[in-house]
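Encoded as structure tokens, the structure appears first; notes follow it.
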Amino acid sequence: MSLQSLDIKRRSATTTPPPSVRGEVIGGGVAKLIDTTKCIGCKACQVACMEWNDLRDEIGSNVGVYDNPADLTDQSWTVMRFSEYENPAGDLEWLIRKDGCMHCEDPGCLKACPSPGAIVQYNNGIVDFHEEHCIGCGYCITGCPFDVPRISKKDSKAYKCTLCSDRVAVGQEPACVKTCPTGAIVFGTKEDMKKHADDRIVDLKSRGFDNAGLYDPAGVGGTHVMYVLHHADKPGLYNDLPKEPRISPMVGLWKGITKPLGTAAMALAVLTGFFHYIRSGPIETDEEDERKAREMIDE
Amino acid sequence: MNKEREPRLIQRYTTSQRINHWIIAITFVMLALSGLALFHPAFYWLTNLFGGGVWTRILHPFVGVLMFVCFAIFIVRLFRHNLFARRDAEWLKHIGDMLENREENLPEAGRYNAGQKLLFFALIFLMLGLLLTGLVMWRSYFSGFFPIWGIRLASLLHALFAFLMICAIIVHIYAGIWVKGSVRAMTRGTVTPGWAWKHHRAWLRQLRGGTPDKRG
């Protein structure tokens, strides 16, 4: 999406260091904090996302729940997920979670991507797809612990939330943050957002939400999109938000040690053959063999 | 060498078997190159051979299906010649002698020796594995039918099977370079009687009409 070639921390399918002359970003990069306890489910963030990114999903049909569209798509990079939870006191809680890319510090999509530079992570932590390099293999979907990327049926490219990298690059907050009418979505440095979350959690605890907490899962190195949850002990209540997300060990193996080890072993196999030939030479058939063969045939 | 002494050549593969083999070989090379391109960034430049990354991604699975179909036909044709016989165990015990070019210490081989038979069954297993895992990974058509853990497992296994397959084919190609007179069996269809006597004596004996051994 963007052209900040000096601000890239990680680059897909690249084994050499990306441009890193500028060094670390202060404040732990940027982060978007989504306070589920303040969300009223108005979907203004979805509209703002569509508007800023110029996306128009197909008009769907009502599937019996408030979620609209029913899932993330190549045109819908964020979706409100509505969960009805009956708490132990017997009261109904309407838990609403704005779903979309979590911008993992250790991104599974980037790890899995085979196309150099199709996925990058900026120094500020934003994980961005560069669709012009995308080959449409879908490995990012295989690698993502949150089931976020979607391949377009129109162009077979993968799309997801950019955290409005283009807006952030010029000092603006993401479109969803800008539009949120209740201030449930805030944006700043990751450190500031954690502090803000702490204040919110103290407030929530004073109101009886003993398990209120911040969702910033360590298994993926933390995320640059974080949630304040009333029930941080049970993230699964929020439409199956994973409790301890991490890059699957199968993806880790597939995209980790397997690559250098497999390559080395194949090279070794070729070299073994070559040196066997140098040492032992070929097996040839000589006149004597032909004579013995004739003897056998003529027997 | 006068004309009378010129050995009569022995047919080892028919024309259609040879065409079948080389379609498998060409598709294998295409698959190995395109697969490696998507496996390790060091090989990504190989996508240029296929018209870029997107074309590599599009072509690889279709070529894979073509290879599998041709391979299946090949397998059916050669299956009965590759069943293990008692002498194969003995042959494998002496595989060290084979590698030291002391073939005289090995028991007679039929149409295929035990090493070739092992490769044959390894390839059947790997081809099947690659087909099944490849279908699960085929995002455009099939991945949607499988759970995410299945796609992850298939991706890992596909890489593993492909790695083993490439190693197996390296052995196969090297055997052709090492044992002189073998390649012509697949290019011209024929071998010299001396070659058959030296490497597949039981097969030659069978061709001559003695000691019937349908397991070849």
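The values are calculated or read from the model by the stated rules, or taken from the named source; none is laboratory data. As the structure is a computational prediction, the values presented were derived from the model and not from experiment. Cβ sites come from the backbone with ideal geometry, for glycine too, and all protein chains shown count toward neighbours.
Could you say whether any residue in the stretch B:30-50 is more than 10 Å from chain A (Cβ to nearest Cβ), crowded, with 16+ Cβ neighbours inside 10 Å, under 23 Å from B:V183 (Cβ atoms) and in contact (Cβ under 8 Å) with a residue 24 or more places away in the chain? Steps first, please.
Restricting attention to the stretch B:30-50, the residues satisfying the condition of being more than 10 Å from chain A (Cβ to nearest Cβ) are B:30-31, B:33-35, B:46, B:48-50.
Checking which are crowded, with 16+ Cβ neighbours inside 10 Å leaves us with B:30-31, B:33-35, B:46, B:50.
Filter again for under 23 Å from B:V183 (Cβ atoms), leaving B:30-31, B:33.
This time we only want the ones that are in contact (Cβ under 8 Å) with a residue 24 or more places away in the chain, so: B:30-31.
Within the stretch B:30-50, one or more residues are more than 10 Å from chain A (Cβ to nearest Cβ), crowded, with 16+ Cβ neighbours inside 10 Å, under 23 Å from B:V183 (Cβ atoms) and in contact (Cβ under 8 Å) with a residue 24 or more places away in the chain.
Conditions first: (1) without any contact (Cβ under 8 Å) to a residue 60 or more places away in the chain; (2) within 23 Å of A:M50 (Cα to Cα); (3) in contact with a Phe, Trp or Tyr (Cβ under 9 Å, 6 or more places away or on another chain). A:I201 passes all but one, so which condition is the exception?
Of the numbered conditions (1) without any contact (Cβ under 8 Å) to a residue 60 or more places away in the chain; (2) within 23 Å of A:M50 (Cα to Cα); (3) in contact with a Phe, Trp or Tyr (Cβ under 9 Å, 6 or more places away or on another chain), the odd one out for A:I201 is (2).
With respect to B:L99, is the statement that it is buried (at least 17 other Cβ atoms within 10 Å of the Cβ) and either of a type outside the set (S, T, N, Q) or closer than 30 Å to A:F146 by Cβ (or both) true? Show your work before the answer.
Details: buried (at least 17 other Cβ atoms within 10 Å of the Cβ): no; either of a type outside the set (S, T, N, Q) or closer than 30 Å to A:F146 by Cβ (or both): yes.
The answer is no for B:L99.
Within the stretch B:67-101, work out how many residues are in a helix (DSSP H, G or I) and over 16 Å from the mean Cα position of the chain (by Cα). Give the derivation first.
As a first pass, look at the stretch B:67-101 and keep what is in a helix (DSSP H, G or I): B:67-82, B:86-93, B:95-99.
Narrowing further to those that are over 16 Å from the mean Cα position of the chain (by Cα): B:86-93, B:95-99.
Residues flagged as in a helix (DSSP H, G or I) and over 16 Å from the mean Cα position of the chain (by Cα) within the stretch B:67-101 amount to 13.
Quick one: is B:E100 of a type in the set (D, E) and in contact with a Ser or Thr (Cβ under 8 Å, 6 or more places away or on another chain)? Before the answer, list the steps.
Details: of a type in the set (D, E): yes; in contact with a Ser or Thr (Cβ under 8 Å, 6 or more places away or on another chain): yes.
Considered against the rule, which asks whether it is of a type in the set (D, E) and in contact with a Ser or Thr (Cβ under 8 Å, 6 or more places away or on another chain), B:E100 comes out as yes.
Taking the stretch A:12-28 only, how many residues are in contact with a strand residue (DSSP E or B) (Cβ under 7 Å, 6 or more places away or on another chain), assigned to a loop (DSSP other than H, G, I, E, B) and crowded, with 18+ Cβ neighbours inside 10 Å?
Adding up the residues that qualify gives 1.
The conditions are (1) surrounded by fewer than 16 Cβ atoms within 10 Å (Cβ to Cβ); (2) out of contact with any Phe, Trp or Tyr (no Cβ under 9 Å at 6 or more places or on another chain); (3) among the charged types (D, E, K, R), and A:E84 fails exactly one of them. Which is it?
Here A:E84 clears every test but (2).
Just give me the residues in the stretch B:192-211 being surrounded by 16 or more Cβ atoms within 10 Å (Cβ to Cβ) and more than 9 Å from chain A (Cβ to nearest Cβ), in sequence order.
Of everything in the stretch B:192-211, those that are surrounded by 16 or more Cβ atoms within 10 Å (Cβ to Cβ) and more than 9 Å from chain A (Cβ to nearest Cβ) turn out to be B:H200, B:A202, B:W203, B:Q206.
Working carefully through the options A:P242, A:P235, find the one that is within 14 Å of chain B (Cβ to nearest Cβ) and closer than 20 Å to A:M80 by Cα.
Details: A:P235 fails: within 14 Å of chain B (Cβ to nearest Cβ).
Only one candidate qualifies: A:P242.
Quick one: which residue in B:F125, B:F146 is surrounded by fewer than 17 Cβ atoms within 10 Å (Cβ to Cβ), within 13 Å of chain A (Cβ to nearest Cβ) and under 24 Å from A:L253 (Cβ atoms)?
Only one candidate passes the filter, namely B:F146.
When the residues of the stretch B:69-113 are narrowed to those that are away from chain A (no Cβ under 14 Å) and of a type in the set (V, I, T), which ends up nearest to B:W178 (Cα to Cα)?
Start the filter on the stretch B:69-113 by keeping residues that are away from chain A (no Cβ under 14 Å), which leaves B:69-94, B:107, B:110-112.
Imposing the further condition that a residue be of a type in the set (V, I, T) reduces the set to B:69, B:73, B:75-76.
Values: B:V69: 29, B:I73: 27, B:I75: 24, B:V76: 27 Å.
Across the stretch B:69-113, the extreme among qualifying residues is B:I75.
For the stretch A:155-170, name all the residues that are out of contact with any Cys (no Cβ under 6 Å at 6 or more places or on another chain) and either more than 13 Å from chain B (Cβ to nearest Cβ) or under 11 Å from A:F129 (Cα atoms) (or both).
Kept after step one, since they are out of contact with any Cys (no Cβ under 6 Å at 6 or more places or on another chain), are these residues of the stretch A:155-170: A:155-156, A:159, A:162-170.
Scanning the stretch A:155-170 gives A:Y159, A:T162, A:L163, A:C164, A:S165, A:D166, A:R167, A:V168, A:A169, A:V170.
So is B:L164 more than 7 Å from chain A (Cβ to nearest Cβ) and without any contact (Cβ under 8 Å) to a residue 24 or more places away in the chain or not?
no
Of all the residues that make up the stretch A:120-154, how many are within 11 Å of another protein chain (Cβ to nearest Cβ) and of a type in the set (A, V, I, L, M)?
The total comes to 3.
Let's see how each residue does on (1) in the same structural domain as A:S152 (by TED's automatic domain parsing); (2) in contact with a Leu (Cβ under 8 Å, 6 or more places away or on another chain); (3) more than 30 Å from A:K153 (Cα to Cα); (4) not charged (D, E, K, R):
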{"residue": "A:S12", "(1), (2), (3), (4)": "yes, yes, no, yes"}
{"residue": "A:T16", "(1), (2), (3), (4)": "yes, no, yes, yes"}
{"residue": "A:L33", "(1), (2), (3), (4)": "yes, no, yes, yes"}
{"residue": "A:T36", "(1), (2), (3), (4)": "yes, yes, yes, yes"}
{"residue": "A:I40", "(1), (2), (3), (4)": "yes, no, yes, yes"}
{"residue": "A:Q46", "(1), (2), (3), (4)": "yes, no, no, yes"}
{"residue": "A:M50", "(1), (2), (3), (4)": "yes, no, no, yes"}
{"residue": "A:N53", "(1), (2), (3), (4)": "yes, no, no, yes"}
{"residue": "A:N62", "(1), (2), (3), (4)": "yes, no, no, yes"}
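Within the bounds of the stretch B:33-45, is there any residue that is more than 16 Å from A:K259 (Cβ to Cβ) and not in a helix (DSSP H, G or I)?
no
Just to be sure, is B:L156 under 22 Å from A:I257 (Cβ atoms) and under 14 Å from the mean Cα position of the chain (by Cα)? Steps first, please.
On the way: under 22 Å from A:I257 (Cβ atoms): yes; under 14 Å from the mean Cα position of the chain (by Cα): no.
It is false that B:L156 is under 22 Å from A:I257 (Cβ atoms) and under 14 Å from the mean Cα position of the chain (by Cα).
More than 21 Å from the chain's Cα centre (by Cα), surrounded by 15 or more Cβ atoms within 10 Å (Cβ to Cβ) and in a helix (DSSP H, G or I): does that describe A:R279? Outline the logic, then answer.
On the way: more than 21 Å from the chain's Cα centre (by Cα): yes; surrounded by 15 or more Cβ atoms within 10 Å (Cβ to Cβ): no; in a helix (DSSP H, G or I): yes.
So A:R279 does not fit the description; no.
Would you check which residues across the stretch A:238-276 are within 19 Å of A:Y215 (Cα to Cα) and either β-branched (V, I, T) or surrounded by fewer than 18 Cβ atoms within 10 Å (Cβ to Cβ) (or both) and list them?
Correct list: A:N239, A:D240, A:P242, A:K243, A:E244, A:R246, A:I247.
Among residues belonging to the stretch A:91-119 that are within 14 Å of chain B (Cβ to nearest Cβ) and hydrophobic (A, V, I, L, M, F, W, C), point out the one that is surrounded by the most Cβ atoms within 10 Å (Cβ to Cβ).
Within the stretch A:91-119, the match that is surrounded by the most Cβ atoms within 10 Å (Cβ to Cβ) is A:C113.
Looking at the stretch A:47-68, which of its residues are without any contact (Cβ under 8 Å) to a residue 60 or more places away in the chain and either part of a helix (DSSP H, G or I) or touching a helix residue (DSSP H, G or I) at 6+ places or on another chain (Cβ under 6 Å) (or both)?
Residue satisfying the conditions is A:M50 alone.
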